[in-house]
């Protein structure tokens with residue numbers, strides 16, 4: 001279907017469906033097309049209009065085919081003519097386009113409603129999560145900004161949070177965990193040393209965390225707290241708590257910090273926080289300092305050396321000062337595992353460090369193993385930690 005009259009017909013159909021309370025199924029869309037066209041459309045035009053409106057009104061529209069690709073982690077839309085994806089080797093421009101910016105804005109608005117949020121001139125940006133997009137069992141983190149704030153057209157960012165089910169042995173076989181680091185990882189888990197996994201966006205932090213949980217003792221009760229459900233570890237006694245965002249009225253939010261406190265009351269042997277990104281760092285450190293050895297989580301940082309500064313910044317959000325943070329951190333965390341992603345898309349363990357407290361009371365991360373060069377002169381610090389257990 002082409003032409004202004006056809007576009008007007010489709011707009012009337014869209015308006016009719018928008019006023020209906022029911023899910024826009026293929027049957028409802030077809031009935032609306034027949035009603036608005038007066039029954040004069042032929043079968044070919046009807047099917048064409050039906051396909052177009054199904055794309056425009058359901059799911060992620062023209063982005064559905066990208067969400068179906070298991071290798072895609074990010075979908076980034078800038079206006080109607082630029083749709084980028086990240087398959088693990090950097091951003092790629094796709095041939096997918098929209099008719100105009102209004103089409104992108106309609107999609108962004110529909111996704112925002114699906115996340116329980118609003119996106120309009122009064123609220124020109126949105127940040128939320130979609131747990132049933134495409135009904136494929138994964139969560140999508142949504143962010144959108146509309147003009148005039150977005151000068152180049154509506155910007156839509158979708159981060160696909162697929163469940164991570166790659167096990168420890170598979171990571172070793174793929175060299176994501178190098179052979180010479182395997183014994184160290186196993187010693188960390190058996191000695192119940194508390195750890196943090198750090199790395200940049202898409203570097204494999206959650207994948208490694210899930211694999212480590214799978215190696216924890218079968219008799220141990222592991223409480224996993226996540227901002228979005230990603231962890232699917234192969235462990236017989238994992239209890240998962242997932243945060244909830246506020247609804248469109250701004251009510252009902254349950255943040256990670258509250259869930260960490262609840263986890264402490266659920267008789268955990270270990271507590272794992274999917275990603276430490278706010279004031280919940282204080283509650284996690286409290287848990288690690290009150291008998292929950294062997295716990296851990298992930299932290300967004302470009303290197304292990306950045307961990308103390310990142311923890312300082314997060315603790316400040318909860319009102320904890322620098323000296324108190326370093327005192328808590330020194331007692332709570334022993335190991336930092338650094339992961340990275342190379343330019344060719346290979347993800348894996350790049351560094352293992354231990355936390356050491358200086359004479360000034362401040363904590364630093366000392367590397368004991370580096371990918372490519374092996375153990376450092378500080379490896380004895382790790383051996384002392386294990387022996388002390």
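Between 231, 264, the distinction of being touching a helix residue (DSSP H, G or I) at 6+ places or on another chain (Cβ under 8 Å), assigned by TED's automatic domain parsing to the domain that holds residue 313 and surrounded by fewer than 22 Cβ atoms within 10 Å (Cβ to Cβ) belongs to 264 only. Suppose the filter is at positive phi and in the same structural domain as residue 207 (by TED's automatic domain parsing); does residue 374 pass it? Yes, satisfied. Within segment 73-102, being touching a helix residue (DSSP H, G or I) at 6+ places or on another chain (Cβ under 7 Å) and within 12 Å of residue 154 (Cβ to Cβ) holds for 77, 79, 80, 98. Taken across segment 145-158, residues that are crowded, with 17+ Cβ neighbours inside 10 Å, on the phi > 0 side of the Ramachandran plot and touching a strand residue (DSSP E or B) at 6+ places or on another chain (Cβ under 7 Å) do occur, with at least one present.
Do we find that residue 111 is modelled with pLDDT of 85 or more, in a strand (DSSP E or B) and surrounded by 15 or more Cβ atoms within 10 Å (Cβ to Cβ) in this structure? Against the criterion (modelled with pLDDT of 85 or more, in a strand (DSSP E or B) and surrounded by 15 or more Cβ atoms within 10 Å (Cβ to Cβ)), residue 111 does not qualify. Residue check: is residue 330 out of contact with any helix residue (DSSP H, G or I) (no Cβ under 6 Å at 6 or more places or on another chain), in a helix (DSSP H, G or I) and surrounded by fewer than 17 Cβ atoms within 10 Å (Cβ to Cβ)? Against the criterion (out of contact with any helix residue (DSSP H, G or I) (no Cβ under 6 Å at 6 or more places or on another chain), in a helix (DSSP H, G or I) and surrounded by fewer than 17 Cβ atoms within 10 Å (Cβ to Cβ)), residue 330 does not qualify.
On inspection, residue 202 passes the criterion of being touching a strand residue (DSSP E or B) at 6+ places or on another chain (Cβ under 8 Å), at pLDDT below 95 and at positive phi.
Table: residues versus (1) surrounded by fewer than 17 Cβ atoms within 10 Å (Cβ to Cβ); (2) touching a residue at least 60 places away in the same chain (Cβ under 8 Å); (3) touching a strand residue (DSSP E or B) at 6+ places or on another chain (Cβ under 7 Å); (4) not assigned by TED's automatic domain parsing to the domain that holds residue 287.
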position	(1), (2), (3), (4)
177	no, yes, yes, no
186	yes, no, no, no
208	no, yes, yes, no
214	no, no, no, no
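Restricting 171, 196 to those that are assigned to a strand (DSSP E or B) and under 29 Å from residue 378 (Cβ atoms) reduces the list to 196.
Checking each residue in segment 279-300 for being under 21 Å from residue 226 (Cβ atoms), modelled with pLDDT under 90, touching a helix residue (DSSP H, G or I) at 6+ places or on another chain (Cβ under 6 Å) and assigned to a loop (DSSP other than H, G, I, E, B) picks out only 279.
Residues in segment 367-389 that are in a strand (DSSP E or B) and more than 23 Å from residue 201 (Cα to Cα): 368, 374, 375.
For segment 46-89, the set of residues classified as over 37 Å from the mean Cα position of the chain (by Cα) and at pLDDT 70 or above consists of 47 only.
The values are calculated or read from the model by the stated rules, or taken from the named source; none is laboratory data. If you're wondering where the values come from, they're calculated on a predicted model, not measured in any experiment. Don't worry about glycine lacking a Cβ; one is built from the backbone with ideal geometry, like all the others, and counts go over all protein chains shown.
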